[in-house]
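Here it is, the structure in full.
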Amino acid sequence: MTRTQITLAAIAVVTVGAAALLVARRGPGGADVDLGVVAEKATFRSTVTASGEIVATRYADIGSSVMGKIIALPVREGDRVKAGQVLARIDAVPAQSDADSAAEQVNALQSEARAAAEQIKAAQSDLAAATARERDVKQQLTRATALTQQGLIPAAELDAAKAAADAATAQVASARAAIDRATQTQAAATGRIAQARAQARRANDALTKTSIASPIDGVVTRLRVREGEMVVIGLQNQPGTTLMTISDLGQIDAEVKVAEADVLRLGLGQASAVTISALPSRIFSGKVVEIGASALPVTGTGAAAREFKVVVRIDQPDAGLRPGLTCDAEIITSERTNVLTVPLQSVVLRPAPSGGDHAGVFLFTSGTAVFTPVTTGVIGGLDIEISGIARGATVITGPYQVLRTLNDGALVRAAKGK
């Protein structure tokens, strides 16, 4: 055996020994892990997804301000209507009767007020005559008193003059009392006239409301009553009858419910993509135009996550869209270009030397898990933006049970098929 052969044999023995020692130290190869790579994406978006339904931007639920039977219903669901067009007629007989009764009451009270005014005029004439007579008899009484003192007339004439003066004074008082009574009657009639006129206005208003007109141009998207049904008006704790819904289909919104964990990421004007279950091949673009200021009411007694109403205005709605269609909206909350990303589950928290925790990933390096701190950014779907490691680096992405307890420098091996 030559010296070269001896050298090669020695190297082989040392290599095999070192490999055996390494295998002995590493055991069976460590835990099986899933691997991924740090990818660079030209465009990376963070989105919020939510579900809801299609609604018209402008719509009106038509109710009735009077109670009664529907005697005419000239529209059907799907009909196009104009603002001011009559949609339904309520039986107007009770309202017409109330209006006629109120008008008769106004006329009667006006006649009473006119009669009181005539009484005032007559009483004023009587007062003027009584005042003049009182003046005359008082003058006669003064002369009779003087003549009686001079002994020129008997005392009986003086008594007669006093009686005439008293009678004249009584007539004046009676005329004044008549004026007061007539004035009070006129004032009371005037007050009742104001009340009767108010009742007449209400009755006439109710009469006009027996014809229900459309407040907007649109389409009858829901008809809830039939001709001959009774409608009721709303009370404090009981809603009134809704006859139909008129929707302006010129502008369409997607009204969705967003979870409370995502609503703070939303802002007005954010772009959105809306998909409709009835049109799975179409994607409609839109923008956020409304974000609920408070959470929607929670139905049921069990605890549930809070949700907020968010309205997305569709830019170019299809003519076939109808309120009530179910939809999904994907709202873009932020957008980055040329960023590095890793699967979201690969980012873990570990204690930092300075205290607290910091985020990082485990790089797969020659069968060893090497914890590397990273700076995270926006989340998009199942990926997250990071910085601090190179593009193309191999990272450990799972399983979660392994990542939860994995330590820096631990031995690992790629799962079969990875």
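Within region 386-401, which residues are closer than 12 Å to Leu35 by Cβ and at pLDDT 90 or above?
Ala393, Thr394, Val395, Ile396, Thr397, Pro399
From the set of residues in region 282-322 that are small (Gly, Ala, Ser) and assigned to a strand (DSSP E or B), which is farthest from the chain's Cα centre (by Cα)?
Ser285
Picking from Ile332, Ile384, Ile396, which residue would you name as being surrounded by 15 or more Cβ atoms within 10 Å (Cβ to Cβ), touching a residue at least 60 places away in the same chain (Cβ under 8 Å), within 30 Å of Gly267 (Cβ to Cβ) and in contact with a strand residue (DSSP E or B) (Cβ under 6 Å, 6 or more places away or on another chain)?
Ile332
Something else: Only one of Leu279, Leu243, Leu264 is at pLDDT below 95, more than 18 Å from the chain's Cα centre (by Cα) and closer than 30 Å to Val231 by Cα; which? Explain how you work it out, then say what you get.
Numbers: Leu279 fails: closer than 30 Å to Val231 by Cα; Leu264 fails: closer than 30 Å to Val231 by Cα.
The unique qualifying residue is Leu243.
Give me a count of the residues in region 215-256 that are polar (S, T, N, Q), closer than 21 Å to Ala88 by Cα and not in a loop (DSSP other than H, G, I, E, B).
So the answer is 4.
Also, quick follow-up: One residue is enough: does region 300-310 have a residue meeting the conditions under 29 Å from Pro74 (Cα atoms), crowded, with 18+ Cβ neighbours inside 10 Å and touching a Ser or Thr at 6+ places or on another chain (Cβ under 9 Å)?
No, region 300-310 contains no residue that is under 29 Å from Pro74 (Cα atoms), crowded, with 18+ Cβ neighbours inside 10 Å and touching a Ser or Thr at 6+ places or on another chain (Cβ under 9 Å).
Let me ask something else. (1) in contact with an Asp or Glu (Cβ under 9 Å, 6 or more places away or on another chain); (2) surrounded by 15 or more Cβ atoms within 10 Å (Cβ to Cβ): which one isn't true of Val288, the others all being true?
The single condition Val288 does not satisfy is (1).
Each row is one residue, and each column tells you yes or no for (1) out of contact with any Leu (no Cβ under 6 Å at 6 or more places or on another chain); (2) free of Cβ contacts under 8 Å to residues at least 24 places away in the same chain.
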| residue | (1), (2) |
| --- | --- |
| Thr185 | yes, no |
| Ala196 | no, no |
| Asn204 | yes, no |
| Leu207 | yes, no |
| Arg224 | yes, yes |
| Ile246 | yes, no |
| Val256 | yes, no |
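I've got another one for you. Condition first: among the hydroxyl-bearing types (Ser, Thr, Tyr), more than 27 Å from Gln186 (Cα to Cα) and either surrounded by 14 or more Cβ atoms within 10 Å (Cβ to Cβ) or under 60 Å from the mean Cα position of the chain (by Cα) (or both). Can you find one or more residues in region 158-169 that meet it?
no
Scan region 147-162 for residues that are among the basic types (Lys, Arg) and over 20 Å from Arg135 (Cα atoms) and report the count.
Residues in region 147-162 being among the basic types (Lys, Arg) and over 20 Å from Arg135 (Cα atoms): 0 in total.
I've got another one for you. Whether any residue in region 67-74 is more than 30 Å from Ala194 (Cα to Cα) and touching a Ser or Thr at 6+ places or on another chain (Cβ under 7 Å) is what I want to check.
No, the conditions are met nowhere in region 67-74.
Continuing with this model, one more query. Scan region 346-367 residue by residue and report those that are surrounded by 16 or more Cβ atoms within 10 Å (Cβ to Cβ) and of a type in the set (S, T, N, Q).
Hit for region 346-367 is Ser346, nothing else.
Next up: What tally of residues in region 154-195 results from selecting those that are under 19 Å from Asp136 (Cα atoms) and not in a helix (DSSP H, G or I)?
0
The values are calculated or read from the model by the stated rules, or taken from the named source; none is laboratory data. As the structure is a computational prediction, the values presented were derived from the model and not from experiment. Every residue, glycine among them, receives a Cβ derived from its backbone with ideal geometry; neighbour counts consider all protein chains shown.
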